[in-house]
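Written below as structure tokens is the structure these notes are about.
The values are calculated or read from the model by the stated rules, or taken from the named source; none is laboratory data. Note that the coordinates shown come from a computational prediction; the quantities given were computed from them, not determined experimentally. All Cβ positions, even for glycine, are placed from backbone atoms using ideal geometry, and neighbour counts span all protein chains on display. Note: areas computed on protein heavy atoms with side chains; ligands, DNA, RNA excluded. Shrake-Rupley method; radii C 1.70, N 1.55, O 1.52, S 1.80 Å.
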Amino acid sequence: MQLEVVGQSLERIRQGNPLIHNITNVVVTNFTANGLLALGASPVMAYAKQEVAEMASIAGALVLNMGTLNETEAEAMILAGKSANEHGVPVIFDPVGVGATAYRTATAQKIVEQVKISILRGNAAEIANVIGEKWQIKGVDAAQGNQDVVALAQKAAKQLGTIVAITGKEDVITDGKTLYRIGNGHPILTKVTGTGCLLTSVIGAFAAVESDLLLAGASALVCYGVAAEKAAKKSAEEGPGSFQVQFLNELSAIVEDDVKRMGVVQIEVLEQGG
Amino acid sequence: MQLEVVGQSLERIRQGNPLIHNITNVVVTNFTANGLLALGASPVMAYAKQEVAEMASIAGALVLNMGTLNETEAEAMILAGKSANEHGVPVIFDPVGVGATAYRTATAQKIVEQVKISILRGNAAEIANVIGEKWQIKGVDAAQGNQDVVALAQKAAKQLGTIVAITGKEDVITDGKTLYRIGNGHPILTKVTGTGCLLTSVIGAFAAVESDLLLAGASALVCYGVAAEKAAKKSAEEGPGSFQVQFLNELSAIVEDDVKRMGVVQIEVLEQGG
Amino acid sequence: MQLEVVGQSLERIRQGNPLIHNITNVVVTNFTANGLLALGASPVMAYAKQEVAEMASIAGALVLNMGTLNETEAEAMILAGKSANEHGVPVIFDPVGVGATAYRTATAQKIVEQVKISILRGNAAEIANVIGEKWQIKGVDAAQGNQDVVALAQKAAKQLGTIVAITGKEDVITDGKTLYRIGNGHPILTKVTGTGCLLTSVIGAFAAVESDLLLAGASALVCYGVAAEKAAKKSAEEGPGSFQVQFLNELSAIVEDDVKRMGVVQIEVLEQGG
């Protein structure tokens with residue numbers, strides 16, 4: 001992966017301030033909006049069924065996150081998703097906690113059936129549950145198991161016809177043919193709520209400015225992981241409160257040079273013709 | 001403007017801890033509550049149609065913010081607003097993102113029709129949209145255009161019979177006759193979500209302790225801008241995460257002397273008899 | 001009180017990462033989740049009536065907080081509470097702002113009638129209002145009066161057949177027979193929103209790992225108060241923004257030794273046979 005590409009996307013985000021429409025959970029709205037602003041994007045949260053289709057149609061990307069799902073919001077997600085599909089707006093989906101309850105599983109499956117998802121992001125257990133595979137889960141912060149994450153990502157990508165990102169100790173993203181492995185990030189991310197959710201929205205920001213969505217997703221993962229490492233270097237010993245503050249600072253400060261110096265990316269061809 | 005007045009209001013907020021009833025969006029609830037607490041006020045968030053009229057009736061000010069509007073909340077805003085009107089409680093309205101969708105525009109107009117607004121605060125595009133003027137808008141963080149903001153504020157104030165504050169690089173507030181221009185503030189405010197929303201609630205805190213509402217609004221704008229400048233001096237180079245933390249510190253620390261030393265205010269008579 | 005017990009519970013939280021299901025208000029969701037994560041627990045927020053019973057049944061504790069109550073949420077609290085009761089999951093209830101409106105009072109009373117509460121936490125005014133006693137209240141941040149808090153706690157504990165924690169300048173917790181007085185904490189806690197709400201969730205985390213619920217509650221109060229004192233020592237002079245960050249750091253850093261060195265606890269027998 002040419003890491004200059006990440007820098008170019010960053011630059012486009014900061015110049016163009018793409019509007020990212022988030023329908024997300026009540027725990028992370030503030031952190032998500034601040035993270036997107038720090039990065040250079042323009043976040044908007046809009047949930048009402050009366051307006052989501054219109055808002056999604058003018059956005060650079062639509063991010064759906066079912067962390068604190070309810071019936072009205074699920075309906076709004078589908079309305080917004082369909083509108084995004086019609087208008088060529090990429091849809092990023094974060095099926096938070098799918099598998100934890102039957103309702104979440106059913107709703108996640110309904111969303112992937114009714115909306116064409118551009119990029120699906122979750123931990124391994126969540127991705128497994130979206131496609132009906134078995135995987136152990138405890139709540140929404142489940143650590144990853146040792147099973148074959150790459151195989152799972154590829155299977156999900158093919159089954160759903162979408163790009164799939166599975167994040168954990170190592171992040172992977174694939175369209176089923178080409179796979180990026182990203183080695184950046186820091187364990188303290190698991191001690192701050194919403195770091196997965198914000199990552200999904202950051203993928204949205206990159207997808208708004210880079211039409212090769214696999215590259216956009218991989219770029220977002222590298223950029224996010226590098227910013228986290230920079231923040232951890234300055235604050236991890238102080239604790240998760242300080243890390244959260246420093247992480248917002250670093251999302252604002254990160255430049256191409258950081259990514260080129262610190263980015264850890266490997267590309268694999270899973271299938272010819274990718 | 002005698003800047004002692006700002007100090008007196010600050011003192012009254014800290015002595016009396018006025019109850020500020022906020023019906024606001026899910027992105028900024030926490031930041032708004034913390035900002036009001038830091039300043040010395042007592043925030044309460046209450047949304048249920050069963051209780052908003054009662055809560056508004058005992059508040060020092062009611063703040064309506066439609067950032068993440070829905071049907072139930074719009075109804076609650078009107079119930080609360082009418083109760084505030086009946087009980088002589090000032091109503092501050094922040095029409096977040098009006099103009100971004102038809103639904104927001106219609107709801108904002110419904111609110112100003114059914115509730116007597118004491119002070120309306122928004123950026124230029126939002127204020128224009130409330131009164132049906134054309135203005136360019138992109139999402140909720142739209143930068144201000146170069147058109148005549150003062151003329152817009154005056155027109156809105158007259159058309160709605162209310163005080164109008166338009167914030168941006170320079171802030172203006174007018175009742176249609178007298179205009180205050182406030183030169184305080186800092187660009188990094190645009191990189192932290194909810195700084196406009198919190199400002200609207202801070203106007204509520206000043207309106208709860210100063211019956212001259214134009215003066216209350218102008219005082220809030222100066223105080224807020226000076227606190228932002230103090231915070232930026234200590235943290236802007238670190239980034240928006242650090243600024244947000246420091247800004248809460250400064251809302252707590254600010255005293256009359258800061259305002260007198262740093263406040264930048266001009267008064268203009270737009271129309272005699274003001 | 002043997003303060004080693006607090007250290008043992010802390011250790012169990014960090015080893016076991018108990019799932020704490022919160023149905024809480026929109027102001028404090030993020031701070032609550034971050035506080036629980038910092039401490040070592042696994043927070044989940046789930047509100048939909050379709051899933052709350054299932055989520056509560058697999059949780060280590062259920063926390064109900066009515067800070068931004070509405071009809072749907074009140075219904076979800078009762079569904080979740082009944083499920084927790086059936087599955088032996090402790091239920092911690094925080095009746096935020098009860099007494100401020102008739103609706104809150106009625107809802108709090110409905111909840112304590114329909115759900116068996118394990119531990120009830122509030123300030124004196126809130127607890128008084130739950131059991132229909134008179135007490136002065138102003139909003140949700142009411143300072144405590146001078147009436148006999150211990151007598152109120154004991155009365156509430158007996159009337160409701162539950163453990164009652166009343167927090168304020170001094171914290172007390174009782175099952176009606178044995179009383180713990182905890183002298184830890186710091187006044188700056190009142191300048192950060194959600195510190196009471198997070199405390200209720202932290203009580204949930206301790207209740208998930210310690211079956212003697214009175215001991216669990218007392219342990220949580222000591223641990224929380226000591227963490228606040230440590231954070232205040234490092235940040236109180238800077239202001240409430242810095243304190244909030246530092247407090248999350250300290251919830252993550254606190255160990256048995258801190259509690260033994262700083263914990264201030266007295267036990268009183270209110271009634272023989274306790």
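Key figures for this structure:
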read-out	value
Charge sum, other residues only, whose C-beta stays under 15 Å from A:PHE247's C-beta, Lys/Arg counted +1 and Asp/Glu -1	-1
Heavy-atom surface of region B:4-269, accessible at 1.4 Å and reported per residue (Å²)	33 Å²
Relative contact order [Cα under 8 Å, 6+ residues apart], chain C, whole percent	21 percent
Cβ-based charge dipole, chain C, positive-most Cα from C:ALA59, C:VAL192, C:SER9	C:VAL192
GNM flexibility winner over chain C from C:VAL149, C:VAL26, C:VAL98 (Cα, springs under 10 Å)	C:VAL26
Chain-alone versus full-assembly comparison, region B:54-88, residues with accessible loss of at least 30 Å² (1.4 Å probe)	B:GLU54, B:MET55, B:THR68, B:GLU71
Three-way shape label, region B:155-254, alpha-carbon gyration tensor, a/c 1.5	prolate
Fraction of antiparallel bridges per DSSP, the protein assembly as shown only, in percent to nearest 5	40 percent
Whichever lysines have a C-alpha closer than 29 Å to that of B:LYS158, once near sequence neighbours (fewer than 8 apart) are set aside	B:LYS82, B:LYS110, B:LYS116, B:LYS134, B:LYS138, B:LYS169, B:LYS177
Summed buried accessible surface, chains B and A, 1.4 Å probe, nearest 100 Å²	2200 Å²
Kyte-Doolittle mean at least 0.0 and Cα axial length at least 24 Å: DSSP H helices in chain B	B:213-235
Burial of 50 Å² or greater, region B:22-46 residues [accessible area, probe 1.4 Å, versus chain by itself]	B:VAL26, B:VAL27, B:ASN30, B:ASN34, B:LEU37
Sequence-separation-based contact order of region B:34-85, relative, with Cα cut under 8 Å and 6+ spacing, percent	43 percent
Sparsely packed trypsin sites (Lys or Arg not before Pro) within region A:160-219, loop by DSSP, other Cβ within 10 Å at most 13	A:LYS169
GluC sites (Glu not before Pro), loop per DSSP, at most 15 other Cβ atoms within 10 Å - longest free stretch of chain A	A:1-236
Solvent-accessible area, 1.4 Å probe, carbon plus sulfur percent, for the protein assembly as shown	47 percent
Cα gyration tensor shape of region B:154-207, rounded if a/c is under 1.5, else prolate or oblate by comparing a/b with b/c	prolate
Most fluctuating residue given options A:GLY35, A:GLY99, A:GLY161, as computed from a GNM of chain A linking Cα atoms under 10 Å	A:GLY161
Overall form of region C:4-269 per C-alpha gyration tensor (a/c, 1.5; a/b vs b/c)	rounded
Rounded to 5, the percent of DSSP beta bridges in chain C classed as antiparallel	40 percent
